[in-house]
Amino acid sequence: MIVKKNPQFPQNGPLGRYGKVLLYVLVVVLINLVGVNLFTRFDLTANRVYSLSPVSREVVATLSEPLTFKVFFSANLPAPYNGVERYVHDLLQEYALAGNQYFNYQFYNPGGDDESALINQEQARSYGIQPVQIRAIEQDEVKFQKAYMGLVMIHGDLVETLPAITSTEGLEYRLTTAIKRMNNKISRLLALPEKVKIELFLSSSLQAVGPYLNLNGLEDVPRRVAELVGRLNGRLYERLDYEFLDPSSSTAAATAAVDKQIMELKWKEFRNRQGQIIPEDHGYAGLRISLSGESRSLPLISAVKVPIFGTQYMMASVEELEEILNVAVEDVIGINEKIGYLSSHGTLPLEAMAMPGQPRSEAASHFNVLLSREYAPESVSLEKMSSLAGIRTLIIARPTEKFSDYELYLLDQFLLRGNKLAVFYDPFDELKPSQQQMMMGQGPSYVPVQTGLEKLLAHHGVKIEPAYVLDQECFKQQLPQNQGGGEQPIYFAPLIQSRHINKDYPFISNIKGLVMLKAAPLELDADALKARGLTATRLFSSSDKSWLMRGRVDLNPMFMQPPAEADAFASHTLAALLEGSFGSYFSGQPLPEKPAEKIAETQDEAENQDDSAAAKAPSQNPLLTEGLLESHGERLETGRPGALLVVGSADILRDNIVDEAGSTPNAQLLMNMIDYLNGREEQAVMRSKTQSFNPLVKISPENRALIKGANLIGLPLLVVLAGIMAWLKRGARRRKLKQRFS
């Protein structure tokens, strides 16, 4: 067949060969231009990691004053740090798209030695951003280099710095919470009815003993604190009022120092190395920040016990004081919500004394650090109802001492007022053996705890069994070679798989796995819950391969074995959340009496007793003894909607489980639960968007073999089938052409 060419057009159409190429280039350019201005993004990640959270969009969309991000990143960083810079750029672009006209950001390159880089370096250092050392691999060699990787947020007169961003994990959460905090701070500062008062108590008498306590330059402290307050004043809209008080020269200042419990140092007469006699005296040192009845006392001098050297005294540096003052001012102006932490009844302390050269004692100090970033943790006791004033959420962690009925009544009424109670319970008190007993191979003993709190929880529908949950799906310890090597299962440290975490609640739905430690089983009493109209939810539970250790507890992994009976295995609830209107445990009962020792401990009430003869001798007051007085409404029988969180382990709060950065699933779970109780669920969801722990889904050995066989045989088989189909199709086409032209 002969095809004739059209003489009016060249062989490659009316534009010719080069015209087509130019047309293609033009189309590509136009597509790119359209893509720059009209584009959309598809975030296909499970938790929408690369999309801005709703709370972040809301924060930047409601800015009322300019917010500027200055980002200092060295150019041409090696992997993976170049990815961090790219993520920061994309994230700020997302903020800018969601924000209003007050949001803007700018990148600076402080890397290099040219003039502009030096100017940028100087600017970065003025904001407290210093270069960090990173590792780079070039030509099969590991090299170290210094790079700037920080940013500063300037909102009104407030400045907040992230000096080193070496990871993208949780970055959106950090930025959004910082913006919210600055926004709240500005609003609160501008609305203050009076200035925040900062008082420095420093006795001039301390200058006589300062050199012998390693406290040099005491005479210069008032000037340095005044300069520090001046700098803070410039950033806090001039809302600080500073005053220096010398209790050595002013009786009124000395009286105020005693009233405000400022640290006092006393010393006896001594002779120095030069033979000079230093007379006996005393002095005060400390800071007091106050505003409208709210106050904080800050130590200026700290005492630390050092082995061999004894007690050592140290003065806080200016940098430390600036940070401490800033946090204290935020506390007294009320931008950090209070979180109550019960410090009595043998609970796990939030802070432990750190003795140099010795291991830290058990504490929840890392959890305290995480709490302090978002809230104002406040240690409380149960002496009177006013101890819980201003607190919406109270945490009780590992109580070991008995609660009186009066203290249970305070907790009962606290919950009925619509507040939130979080209980981290350990059913046993661990008694550690003496050093001599340890040398003889004796381990710790575990005594069941009966604090009385159990009956309050049981009344609301949660029973805690005095047992530990052991699980075959548990943490496995690597044994050293001298012990035979291999893995040692730690059955009392269950690994909570994703399928055993309740995904109905967004604040924990992103958590893929947890580790528990010495957890007690919880039993939800369906009848009690139904009778009181409460909603109970299992937050997470152990696996179906778990069992209970009751009676004599021995947590030596060498002597633990799973039970032989199949019916001993069952899944157990380890954390539960109760919500609704709680009914009083003391309903229909007389008002519990306040213990006499508690009355004496309460100074205000003791003074009231002195002032009131009737109260001092109630038997002589007919108004109280003869039933002439009747009162109503002094206590609640049913409460407003509240929440009760019960977790069967207090060890998950300890420093060996919770990391200070808050990046582990356990740390995120704890903070998410606290956020949920405080109505910050969106913030909790944003925190757990990025998960460093993403375990693979476990499958059965049969399915694993099936998938493996499919990969080995199935794919080649598919290729062969595709080849056969193509060969048959080609043969059919050949036969069709042959029939057409034959």
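The values are calculated or read from the model by the stated rules, or taken from the named source; none is laboratory data. Being a predicted model, the structure only gives us computed values, none of them experimental. Positions of Cβ are backbone-derived with ideal geometry, glycine not excepted, and every protein chain shown enters the neighbour counts. Note: areas computed on protein heavy atoms with side chains; ligands, DNA, RNA excluded. Shrake-Rupley method; radii C 1.70, N 1.55, O 1.52, S 1.80 Å.
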Cα gyration tensor shape for region 60-208, rounded if a/c is under 1.5, else prolate or oblate: oblate
Mean Cα-pair separation over length for the chain, i.e. relative contact order, pairs under 8 Å, 6 or more apart, %: 10
Share antiparallel - DSSP beta bridges, the chain, percent rounded to 5: 70
Which listed pairs, of Lys402/Lys530; Lys432/Lys545; Lys260/Lys432; Lys432/Lys518; Lys420/Lys698; Lys463/Lys503, have C-alpha distances above 27 Å, in listed order: Lys402/Lys530; Lys432/Lys545; Lys260/Lys432; Lys420/Lys698
Long-range HN-HN contacts of Gln488 with modeled amide H, under 5 Å: Gln477, Gln478, Leu479
Under the Karplus curve 6.51 cos²θ - 1.76 cosθ + 1.60, θ = phi - 60°, whole-Hz ³J(HN,Hα) for region 218-229, x wherever Gly or Pro sits: 5, 5, 9, 4, x, 5, 5, 5, 4, 5, 4, 5
Heavy-atom accessible area per residue - the chain, 1.4 Å, Å²: 56
Amide H partners (placed H, <5 Å) of Ser379, local residues excluded: Tyr341
Nearest-ten-degree value, helix 171-190 long axis tilted from longest Cα axis of the chain: 50
Where labels lie 7 Å past Cα in the beta-carbon direction, separation of Tyr24 and Thr62 in nm: 5.4
Spacing of the two label points (7 Å from each Cα toward its C-beta) at Ser343 and Lys545, in nm: 4.5
Carbon and sulfur %, accessible surface of the chain computed with the full protein complex present, 1.4 Å: 54
Euclidean distance between Cα centres, region 412-436 to region 452-490, Å: 17
At R0 = 25 Å, FRET efficiency that the Cβ-Cβ distance of Thr255 and Val318 yields, to 0.05: 0.30
For region 413-542: rounded, prolate or oblate by the Cα gyration tensor [a/c cutoff 1.5]: oblate
Cα gyration tensor, region 128-225 - rounded (a/c under 1.5), prolate or oblate: oblate
Extension gain, Tyr212 back to Asn184 (0.36 nm per residue minus Cα-Cα distance, nm): 5.6 nm
Segment Asp114-Thr638, extension gain: residue separation times 0.36 nm, minus the distance between their alpha carbons: 181.5 nm
Burial order of peptide ranges 697-709, 119-131 (average beta-carbon count within 10 Å, highest first): 119-131, 697-709
Acute angle (nearest 10 degrees) that the helix 318-333 long axis makes with the longest principal axis of the chain, alpha-carbon atoms: 80
Projected label distance in nm at Arg271 and Ser379, using a 7 Å step from Cα toward the beta-carbon: 4.2
Value at 222 nm in deg cm²/dmol, rounded to 500, when DSSP H runs of n ≥ 4 in the chain each add -39,500 (n - 2.57): -10000 deg cm²/dmol
Modelled FRET efficiency - R0 22 Å, Ala710 with Thr45, Cβ distances, 0.05 increments: 0.25
Cβ crowding within 10 Å averaged over residues, with 727-737, 213-223 ranked highest first: 213-223, 727-737
Environment charge of Ser295, counting only residues whose C-beta is closer than 12 Å and scoring Lys/Arg +1, Asp/Glu -1: 0
Ordering of 676-683, 25-32 by packing [mean C-beta count within 10 Å, highest first]: 676-683, 25-32
